[in-house]
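What follows is a set of notes on a single structure, which appears directly below.
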Amino acid sequence: RNIVIQGIPVGDDLTKFMKNDSRGGHFVVAHTAKRQIIQGVEFSAMGQKGILGRYPIHFHSCGNVDSETILQHNSVHHSKQRCIVVHATND
């Protein structure tokens, strides 16, 4: 994959310093129905364990999204909270 979005990997020196392996990044598309193209992206060490709304990929309250929105050919691994969440988003 040419694009990598990565949180803090488990066992990284920073997680040892923070004394917390449950925090990672989160990617959010929120409150927009405009076309989104998320394609060919690697998401690694994403999500925040036990925190509502902090998922690796999260479509949040987007309403009726553009029919040309694309979410394909991505990979999500070493997730710390679920994977892909679509909330209050249609079509």
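The values are calculated or read from the model by the stated rules, or taken from the named source; none is laboratory data. Owing to the predicted nature of the structure, the values given are computational and were not obtained by experimental measurement. Cβ sites come from the backbone with ideal geometry, for glycine too, and all protein chains shown count toward neighbours. Please note that ligands, DNA and RNA were not included when accessible areas were found on the heavy atoms of the full protein model with its side chains. Shrake-Rupley method; radii C 1.70, N 1.55, O 1.52, S 1.80 Å.
Which of the residues spanning the range 70-85 are part of a loop (DSSP other than H, G, I, E, B) and modelled with pLDDT under 95?
Passing the criteria: His78, Ser79, Lys80, Gln81, Arg82, Cys83.
Conditions first: (1) modelled with pLDDT of 95 or more; (2) open to solvent by 50 Å² or more (accessible area, probe 1.4 Å). Asp12 passes all but one, so which condition is the exception?
Tallying (1) modelled with pLDDT of 95 or more; (2) open to solvent by 50 Å² or more (accessible area, probe 1.4 Å), Asp12 fails exactly one: (1).
Residue by residue through the range 34-68, note down the ones that are open to solvent by 40 Å² or more (accessible area, probe 1.4 Å) and in a loop (DSSP other than H, G, I, E, B).
Lys34, Arg35, Gln36, Lys49, Gly50, Ile51, Leu52, Arg54, Asp66, Ser67, Glu68
Hey, does the range 20-28 have a residue that's at pLDDT 75 or above, in contact with a strand residue (DSSP E or B) (Cβ under 8 Å, 6 or more places away or on another chain), open to solvent by less than 50 Å² (accessible area, probe 1.4 Å) and in a loop (DSSP other than H, G, I, E, B)?
yes
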